[in-house]
Structure formats: C-alpha cells, structure tokens
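First comes the structure, then the notes that go with it.
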Amino acid sequence: MNRFIVVITNRRNLIICIVAILFVVLSALFIAALDFPKVIETDNSQAKTILSPENENALLKDVLSSIVPSGNNVLFENSIRGVGDQNIKSDLTNVSPAEILNKGKNLAYIFVYSDEEYLRPIYSNTWNQSYYQGWLYLPRKIISARHSLFTYVGGVSNTFDMEGELGFFPNITIDNQNYVNFLIYNFDLQNVIQLGNQIVISGTPVKKGVQVISIKIDDVAIQTNEKEYISVQLCTPTGFEIDFQNIQFAKGSKNEDYGPVKESLNETNNDIIDNNIVDVNKQNIVLRQELTHFISDSSKPLYFQYNGGYQTSSVLSTDIDLEEATKFSSDIKFSILYENQKYISPVFHPQWRDNYDREWCYIPRKMYINMKKLFVLPSNKDVAYDLCCELGFFEKYSDIGKDQVGLLINNFTVSDVSMFEDNILVTGTPSRAGMQIVSISKPNLTKYKEYAVRLVTKDLCEFDADVIKN
C-alpha cells in the first residue's frame, strides 16, 4: 500500500496555512458571538423562545382578561359547582347523613392514590401557562378552594382540566368506565355508605393530605330520578357535613363535560391597561406590574398550610386531644354581632375588580381565605374591612369593642365557646350557608401571648383554626 506524506518545505506556504487556520478559528468565534434568537430555560426544564415585545404585549393582555369577569353582576356557585348570578343552591338530599350512616349499605373502595403529607397549592404557575383553558378564572378558583371533595367525571380531557385547575398532578390512570372516583383533601377516611341516591364518605378532617378512592360502578345502586343526580357528602363520623358535591350519575349514560370557562374584560372597562401608552415595551412593564396584583410572579408553587400562610403561629401546629380539652374547658361568654343563616358568599364581586390594586383579586390570597371558615378579625378596622371585602362580605355589623376580639365564621353556627389552656374552642354545626360574627372578651385572654381558636363540630372534629395574638 502506498502512503502519502505531505511535507511543507516552503516557509511561505507554511505561513499561508497558519493564517488560513487562524481565519477559520476567528470566524467561528465571531459567528458564535452573534445575537441570534435565544432560548430561555425555565425552572420546570421547559424551553420557550423569547417573545417579541408585540407578542408579549398580546399575551399579557390575554392573561389579564382571562382572570375576572367583565360584567357587574355578583356571581355565586350553583348546585353543580357552576357559576351563576343567583345565590340559590338546590339541596338534592332527602335524608340526613346521620340516617345514611345508620341505615345505608357499606360500599367497598380502594385507594388509587394517597399522600398523607400533601399540601394543597394556592398558586401554581401551570395555571397562568394554561390561562386560555380558564385555569386562572377567579370564580372557578374560588369554587375549587371552597371544596375538599371532587369527583372525576368524563374522559381524559375532563380529568386533565380538573387536576390542572387544582394543581394536582398525581400521574395515575383513572378508570371512569368501571369505577366512580373521588379526590379528597385533608381527610382520614373511615367508611363509604350509600342510601338511595346519596353517598356519605365519613371520616375525620385532618390538616393535610390527599387521596383518590375508587368504587365499582356496579356496586352503586342508583334509583334514577328525573335529573339523574346523585349527592355525595363528606361527613364527620356522626354525620356533620364537611363538604358535598352533586353529580350526574347514570350507568351507561354520557357524562356531562362542563368545560372551561373563558370570559374577557370589556376594553372600555379595563382600568388596568393604560391605552395611552404608545411604546410597547413601556406598556409591557405596566402590564407585568398589573399582573402581580392578580397572580404570583414566582415560578414555584405556593401552598396552603394549616398554621397559616398569612397568620403563621406555632400554637396552631400543636395537636390537642379535643375530648380532653372539651372535658376540662371553661365556658366563655360570647356575643353575636352579626348573624344571617341564609347568607351565601359570592364567587365574584365587581368591587374586587375595582380594587384590584388592594389585592382583592390576588389569586393566592383568594385561594387561601376561601379554604378557611374561621377568621380572627384584625383590631385595625381598615384591615378588618379589607378582609371582609375580600370574602365578598359587605354587610354592616355591630362594632367590636376595644376590649373584645371579633371572630368571623362562615358556613358554621356557633353554639358554645370555651377555653382550655391556650385554646379557644368554638363549638357548633357546619352548614352550607350562613355568616356569623361573634365577639369574646379580651380580659379572658391574658395568660398567653397567643391563643389557638379552633372551630369544632359537636362530635369533636376540628373544622378550621386561626390565631389570636396579644
């Protein structure tokens, strides 16, 4: 085999080769330094191309317009978790949960998913990434925040929307053809019992956790009525209702796809966009700032924590024996400053949009306060007013004295107030409607710097909690 060896013997040729090599290297470096379109790496390892100022402008306006309704009507949740303009909820139950627990039949169930340490998100950046599916729509965020019980219905798209709106991604397969499936937050399940067209899921409320359970459809005996509805109730061991959901359920029938809600602000009523700003980049700065009044600018999720995301206290993290606490507690006198057992909190009030810059539309905050039933009213009247308005509560109530502490309680009727060490036990009955403001005397609260106020059912289940700070 012949081998060829090239030997450069001429100095001039050697110099030309070196110059050529240097030219190639320098050209490569120059090209690499050019400002071609770049790719941004996000925290969730997804890549997206940088938007032009015009495209970013359109995107920001779309996101903002997808959050709040454009109309001036006060909106409420209807009986099937839709959004309506009337505060009427039809009760589809015929017998009490206590009667179902005593007379109904037990349904076998299996755990498809369970995580005892799970914390519900009050914000997920997946919501604003999927704003076009209605995942940022404020009335729906409030409705989901108010419930601990959810039912899987329909096909894959329904499951994707339900889990996406909740920020819950368990990576499991749901069989809706052969099973009826329930997602339950913050609950220690004990039994599932059916009587007629009602199912009661009984157990004890807890501070965290999530589970998905499945029941064979063939085990669920349904007495079909005109609307083919079944009422599912989440209850304490003796039948105090914690949550409920009315669903359409008929063997072999097509499940209804409620679909996402998408509404836009009227341009003429959109105070959050200054149309006088001509420069697109400057307008984008304003829009990004405005958006922070509605959603978090964090790429990481924010979670609801029982000891408070806004009222943090170690006293709320301590578990107590409610039976012992009730047995050895001393009664405290309380006064009712406001009571309306028919009051229903709205899921949208136009004043929220008008006062967006006071965070009345801030989704993490709206999620947090709508996951709660009990609020210790701040002593500062302006701060207390803001809290009431954020809840959509604009009713007048008697003044809270300087020597009193006010408690605002939603969907719960108070019967007794007592004290055990650094715990205030507010005992009563949960309900689907109602608002109370009660006051207790401050002279009773001098021994400790902080008191845990615990909302307790009559069968000694802790329903919610807040903290009094001296």
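How would you classify region 69-134 from its alpha-carbon gyration tensor, with a ≥ b ≥ c the square roots of the eigenvalues: rounded for a/c under 1.5, else prolate if a/b is greater than b/c, otherwise oblate?
Working: a/c = 3.37, a/b = 1.27, b/c = 2.66.
The shape class here is oblate.
Quick one: which of K207/K458; K207/K402; K61/K373; K402/K469 span more than 24 angstrom between C-alpha atoms? In this structure, K207/K402; K61/K373 exceed 24 Å between Cα atoms.
Note: relative contact order over region 75-248, using C-alpha pairs below 8 Å and six or more positions apart, is 29 percent. Highest mean packing first, where packing is the average number of other Cβ atoms within 10 Å per residue, the peptides 102-112, 54-64 line up as 54-64, 102-112. Ordered by the count of other Cβ atoms within 10 Å of each Cβ, fewest first, K216, K381 give K381, K216.
Could you tell me the distance between the Cα centroids of region 351-380 and region 60-75, to the nearest Å? Cα centroid to Cα centroid, the span is 17 Å. Taking amide H positions as modeled 1.01 Å from N, with prolines and chain starts lacking one, no residue 5 or more places away or on another chain lies under 5 Å from D422.
What does the C-alpha gyration tensor say about the overall shape of region 390-470? Classify as rounded when a/c is under 1.5, otherwise prolate if a/b is larger than b/c, or oblate. Walk me through the intermediate numbers first.
Working: a/c = 2.01, a/b = 1.14, b/c = 1.76.
Because a/c hits 1.5 or more and a/b fails to exceed b/c, region 390-470 counts as oblate.
Between amide H atoms placed 1.01 Å from N, distances below 5 Å from V467 occur with V376, V453, all of them 5 or more places distant or on a separate chain.
Throughout, read-outs are computed from the coordinates displayed, never taken from laboratory work. These figures come from a predicted structure and were not determined experimentally. Cβ atoms come from the backbone with ideal geometry, glycine included; neighbour counts cover every protein chain shown.
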